[in-house]
Amino acid sequence: MEHGSHSSEIAYTDSGAAHITPPSTYFKTYVILLVLMVATIAATFRDFGTVGNNAIAMAIATTKATLVVAYFMQVKGSSRLTIMWALIGFVTLPFMWATMVDYLTRDWIPHIGWQ
Amino acid sequence: MSAEAIPPGIVLERESASRPNYLNWSHSVKDWLLTTDHKRIAILYLVSITIMFGLGGIAAMAIRAELTSPHGHLMESDTYNKMFTMHGVVMIFFFLVPSIPATLGNFLLPLMLGARDLAFPRLNLLSWYLFTLGGVIALGAMICGGVDTGWTFYTPYSSIYSNSNVAVTLVGLFIAGFSSIVTGINFIATIHKMRAPGLTWTRLPLFIWAHYATSIIIVLGTPVVAVTLGLVLVERTLHIGIFDPAIGGDPILFQHMFWFYSHPAVYIMILPAMGVINEVLACFCRKRIFGYTFVCGSTLAIAVFGFMVWGHHMFVTGQSLYTGMIFSALSFIVAVPSAIKVFNWTATIYKGEVWFSAPMIYCLGFIGLFTIGGLTGLYCSSLSVDVHINMTYFVVAHFHYVMVGGATLGYLAGLHFWWPKMTGRMYPEGWAKVAAGLAFVGFNLTFFPQFILGYLGMPRRYHYYPAEFQIWHVLSTAGSSVLALGYAIPLVYFLWSLKYGEKAGPNPWGAAGLEWTVASPPTQFNFDELPVVTWEAYNYDVPHENAIVDHSKNVLPDAEGASHSAH
Amino acid sequence: MNNFPLVPDQASTFAKQVDDIFLALTSLTVFFTVLVFTLILVLAIRYRRGSNVNRANPSDHNVLVEIAWTTPPLILGLIMFVWNVKPYAEAFNPPANAEEIFVIGKRWMWHLQHSANGIRENNELHVPMGRPFKLTIISQDVIHGFYVPDFRMKRDAMPGQYNTVWFQATKPGKHHLFCSEYCGTNHSEMGGWVYVMTPEDYNNWVKSGGTTADKASTPEQAGYDLFTQLACGNCHKDKDSMRAPSLHNLFGRHRSLQNGQTAIADDTYIRKAIRNPEETLLQGYNATMPSYKDSLDEQQIHDLIMYIKSLGNGSAVSLQKATEAATKPAGGANPSAAPASQPVGSATPAVPAVSAGQPAAAPGTAGGSATGTVGGKF
Amino acid sequence: MSVEAAHDAHGHHPVQYHQFEDMEQQNETYIVGMWSFLVTEIMFFGGLFLAYSIFRMNNQAIFTEAGHRYLEVDKGAFNTVVLLTSSLSMAMCVYYAQKADRVKQLLCLGFTLLCSFVFLGVKAMEWSKEFAEHHLPGANFAYVSDAHLSTAKAQIFFCLYFAMTGLHAIHVIVGILLMVVLGVLIAARRPGVKYYMPVEMFGLYWHFVDIVWIFLFPLFYLIPGKR
């Protein structure tokens, strides 16, 4: 809605799509990505428990993905429209993980009483 | 209509007959098959979809004929199973999902937005080719040999046990899925970026809103079913076992992934029909849709909540009790936006100026049948009632009320409404009313008995059934022949009207909306000069100040079939 | 049954509850449908074009009105939801005294076995009224659905997973049994009848050995025979040994597994332990046990589970049942005392008859199954 | 033909299509279209990631063993570096396209292409090792577990491994084809690609391929920990 009112008055002049990112940003991002990759490998050699290790690995992967989306894919500084569409898939995906609830709670039935 | 009443930027094309339009600027087959014009692609889709609807309908009639007797003698069990599979697959993947978006949506989106074409015309053509290719492959497999899994392709039956052409059909559906994805992407980009200056989100026709929500569902849901069916395909050909319990796989996971798309898919089918209803209702009530914002909001709410209710298909599969409860509660909530729509439509009629044209009759039929379809959906989201009615004819009746009574009637309403715009010809109004009446009566006669059958416990997909159910099946079959007649008549008179129909002016209904400001049929690039919109959608309440058309000339006096063309 | 049925029999304790909710929903549906239809018709006719009515000040939005007609459906919906939860949840939770019936779905027949008396039936189920029965359902091939409309009861038979549901019949008579989940060619013929009997009739029926009872053995006995035949006892002795843990008092006990998890030794656990023993390997043992995944069918696995159950319950030790099971007579050879066993005037004509005494070892061939993939061979 | 006609009539930018008003609108539309396409890709992989999560949750032990014992972290890490580097060079390619530096643009694209071949080469080595060890799901599947875990679930692991890395590889191959086409068009100074937008859109695709691998690598090779 917000976007609509914005774009309609200034017809087709949403700025942002054509901005040029300086190469230094790309290189910095690249270095951080490499560091994070080393970190995620290093983390697997420490024992934080199954859940802990999994959480760390996924947290680092998510961070890396965010960096790629924000800098390599130039979403940071883009129009709100681009940001919205960049996020919508990642936001919807967790809906599907509601399926996990099914698997996690299947064994609960015998342990509680309804009568 | 005086010249100064025309909003700036709009050129009314009164001399439509003299200028070449999108239909007649060229006649070569190549220009049709390689066209990137959204209007021609819409026509291509219309032809394909009509063929598909015919095939699905023939399968449906075969099923109904077979079920008149409890020991059906017309066909073998396997043949029967292949018939209902074909009916389901064709109707859902090749008729209902693409019906309104790919024909009416394709045709009208740029016209309503004030654009020359969709954002990606070549992708649009690709979408039709993918649809056709997928359709040919799937239909080929279903006709030569057949498929007997039901349209749901439940594993492990589809992945291991079925001896029919499942793999080839899945390839066809996989391809057709991409056709729908491409259409979705195209619509999203178009709606976001191709709106005419001044056409803000709050000024958009609700038809556009419905297609926006639909496209979002398509883009988010279809890939999931594509990958799921792809896994079944791989499993069937390579015998790996993600869904096969014999080697550690999980058939319930298939159902989760399948319904994650296939439940939202019913909203892919019904939302565009609701969009059509908004346009038709506003036009024939000469009134803005009541509660525009709420109807918009409910459209988006349906799209969002639609992704959170898939588990109500699985209350008896061994899904956990708690999951069932969550999905049931959310399913009750998703009923609310639908209720909002129905109430707002009803309120729109209040103080309107109701014109009982054929599209309006289809439209009123839609509201009524959708009300029943929606309310019976509550039975299916009720945990303990659903345990009884799940997989019975009750569910069959419920979704046919939504899909046939809703989506298909909406499609027909839209087709009649925009037929003059698409072809430049009027259909015969009297016959159209007869057809609408037949469809309504036939539909109820066909599917209402199935509610009773379902509650009695008649399971779906049954070839033989206990004799005590026969009376209801006979009624249903009788109704289906009336319904078939109701569908056949439009086919005849639409074809007839192409040659003999009365010429339609740019705006035979006196409707608001940018699509009615151009010639019927429109020229190749729709607008000579792109419009600038300064008014709200459905500005029927100010007919003599800044309306786009002159209502007084378009008003149809009384009897059907009388002169429409004012221009 | 008359020729114009509208509502199925209410033949279980659930039926009334479901029908009540159904009635409430139907009232709501009728109310809203009539409301909408009436409003549409009245308004459309009143405001038809050309009619001379007051159309002044038409409103096109009103937030209060929107809220007013959004809230009641929402509240009604949530009430219906809550009302539904109890019967649904109850169906997941059988009463403690429920007698177990083991159900195997396979294309295209139902195979049922009473745990209390070992009577086996095909496509028929005899139960007394007034007593709860727990169904443990599994499928040998594709997904089936165990559906008795008169009981308002349905549960899918999934391959590789036990689903349970329970019921208590309330009305003597003959009730349809359907397969509700599409399973292939003869899906519509996969079904039969549930006979609800008075307790006396049922006792007589049991005494006579049931309609199609397999007179050879109770499931415990069959399980014991299998146990001997497969020489399980070579490793699983009365007491824990170096090679394998004892199976006595196993059922219901907490087990610490090699992979660090703990599990309760229930049906599913034991089934897994037989089919994929390495998955349930106990701490302190080597994986010497072979998998019986391909050599035992669901019936045989169930028999073994019943035998292991009869060896005592780990949570509340009771060896009585085991003794009883071992000494119980093998059942009389008197099938003639059974009530009408053929469906009369039904539409389930082509169910292949499975002979009464057919050994459980060859079910893959029974019922004209085209698959035969899981046939039990030793 | 119609498109050209419209261009002439309107006197527009040479690569502007008739349905757009100006290049800015066209570019933004492309970006929105591309992103909504990437959303479908996210959901496409999402289905597989869901299946993976559920099987992993229920079979943590065997998944850990299979991943740690048979997948080589060094190869996976190497491929991660390769893909990250290719992503960087692709970003630079877009940069030079924006700067209209054709030679550097081609060099960057060439380097990206090289990286993608290296990635596929390493992947092929890994896969052939799995083939040789009978880890391809199907009739010949064989798996030996150290901890005597169920081999059936191991098959599921490899099933998901091949499905997900295979689908990813298909995306890489499609990327290679697109890169070749793009490169040829750029080298030929075709007006369609002279403007930077096609390169930018391909860049988005390529970064997405990178993101998928960013998740695949820890999921299959690393978690939950080597202990």
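Laid out as a table, the results:
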{"quantity": "Selection status of C:Pro5, in a loop (DSSP other than H, G, I, E, B), modelled with pLDDT under 90, within 7 Å of chain B (Cβ to nearest Cβ) and over 30 Å from B:Trp509 (Cβ atoms)", "calculated": "yes"}
{"quantity": "Some residue of the stretch C:133-150 being within 23 Å of C:Phe167 (Cβ to Cβ) and either open to solvent by 30 Å² or more (accessible area, probe 1.4 Å) or more than 14 Å from every other protein chain (Cβ to nearest Cβ) (or both)", "calculated": "yes"}
{"quantity": "All positions within the stretch C:259-285 that are at the interface with another protein chain (Cβ under 10 Å from one of its Cβ atoms) and in contact (Cβ under 8 Å) with a residue 24 or more places away in the chain", "calculated": "C:Thr268, C:Arg275, C:Thr280, C:Leu281, C:Tyr285"}
{"quantity": "Matching residues in the stretch C:160-179 - criterion: being facing chain B (nearest Cβ under 10 Å) and either open to solvent by 20 Å² or more (accessible area, probe 1.4 Å) or over 13 Å from the mean Cα position of the chain (by Cα) (or both)", "calculated": "C:Gly160, C:Gln161, C:Tyr162, C:Thr164, C:His175, C:His176"}
{"quantity": "Test: residue in the stretch C:77-98 that is more than 14 Å from chain B (Cβ to nearest Cβ), under 17 Å from the mean Cα position of the chain (by Cα) and part of a strand (DSSP E or B)", "calculated": "no"}
{"quantity": "Among the residues listed as B:Ile247, B:Ile252, B:Ile270, the single one being over 30 Å from B:Glu536 (Cβ atoms) and either open to solvent by 10 Å² or more (accessible area, probe 1.4 Å) or more than 14 Å from chain C (Cβ to nearest Cβ) (or both)", "calculated": "B:Ile247"}
{"quantity": "Every residue from the stretch B:159-173 that is more than 11 Å from every other protein chain (Cβ to nearest Cβ) and either free of Cβ contacts under 8 Å to residues at least 60 places away in the same chain or not in a helix (DSSP H, G or I) (or both)", "calculated": "B:Asn165, B:Val168, B:Gly172"}
{"quantity": "All positions within the stretch B:511-525 that are out of contact with any Leu (no Cβ under 9 Å at 6 or more places or on another chain) and among the small types (Gly, Ala, Ser)", "calculated": "B:Ala511, B:Ala512, B:Ser520"}
{"quantity": "Among the residues listed as B:Phe187, B:Phe153, the single one being surrounded by 24 or more Cβ atoms within 10 Å (Cβ to Cβ), within 14 Å of chain A (Cβ to nearest Cβ) and within 24 Å of the chain's Cα centre (by Cα)", "calculated": "B:Phe187"}
{"quantity": "Selection within the stretch B:132-167 - within 24 Å of D:Thr40 (Cβ to Cβ) and among the hydrophobic types (A, V, I, L, M, F, W, C)", "calculated": "B:Leu133, B:Val136, B:Ile137, B:Ala138, B:Trp151, B:Phe153, B:Ala167"}
{"quantity": "Selection within the stretch B:194-231 - in contact with a Ser or Thr (Cβ under 6 Å, 6 or more places away or on another chain) and either of a type in the set (Phe, Trp, Tyr) or surrounded by 24 or more Cβ atoms within 10 Å (Cβ to Cβ) (or both)", "calculated": "B:Trp209, B:Ala210, B:Ala213, B:Ile218, B:Val219, B:Leu220, B:Thr222, B:Pro223"}
{"quantity": "Within the stretch D:47-88, tally of residues that are away from chain B (no Cβ under 14 Å), open to solvent by less than 10 Å² (accessible area, probe 1.4 Å) and part of a helix (DSSP H, G or I)", "calculated": "8"}
{"quantity": "Filtered residues of the stretch B:388-399 (kept if assigned to a helix (DSSP H, G or I) and surrounded by 24 or more Cβ atoms within 10 Å (Cβ to Cβ))", "calculated": "B:His388, B:Ile389, B:Tyr393, B:Phe394, B:Ala397, B:His398"}
{"quantity": "The stretch A:87-108: number of residues that are open to solvent by less than 30 Å² (accessible area, probe 1.4 Å), within 8 Å of chain D (Cβ to nearest Cβ) and either over 13 Å from the mean Cα position of the chain (by Cα) or modelled with pLDDT of 90 or more (or both)", "calculated": "3"}
{"quantity": "Complete set of residues in the stretch C:185-205 that are within 14 Å of chain B (Cβ to nearest Cβ), open to solvent by 10 Å² or more (accessible area, probe 1.4 Å) and closer than 18 Å to C:Glu124 by Cβ", "calculated": "C:Asn186, C:Glu189, C:Trp193"}
{"quantity": "The lone exception for A:Ser24 - which of (1) modelled with pLDDT of 85 or more; (2) surrounded by 14 or more Cβ atoms within 10 Å (Cβ to Cβ); (3) hydroxyl-bearing (Ser, Thr, Tyr) it fails", "calculated": "(2)"}
{"quantity": "Those residues of the stretch B:293-316 which are open to solvent by 10 Å² or more (accessible area, probe 1.4 Å), of a type in the set (Phe, Trp, Tyr) and in contact (Cβ under 8 Å) with a residue 40 or more places away in the chain, in sequence order", "calculated": "B:Phe294"}
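For every residue, the table says whether it meets (1) closer than 20 Å to C:Asn163 by Cβ; (2) in the same structural domain as C:Gln300 (by TED's automatic domain parsing); (3) more than 31 Å from the chain's Cα centre (by Cα).
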residue	(1), (2), (3)
C:Ser241	no, yes, yes
C:Arg253	no, yes, no
C:Asn259	no, yes, yes
C:Thr262	no, yes, no
C:Tyr269	yes, yes, no
C:Ala273	yes, yes, no
C:Gly284	no, yes, yes
C:Met289	no, yes, no
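The values are calculated or read from the model by the stated rules, or taken from the named source; none is laboratory data. This one's a predicted model, so the numbers in the text were calculated from it and none came from an experiment. Here Cβ is always computed from backbone atoms with ideal geometry, including for glycine, and neighbour counts include all displayed protein chains. The area values use the complete protein model at the heavy-atom level, side chains included, leaving out ligands, DNA and RNA. Shrake-Rupley method; radii C 1.70, N 1.55, O 1.52, S 1.80 Å.
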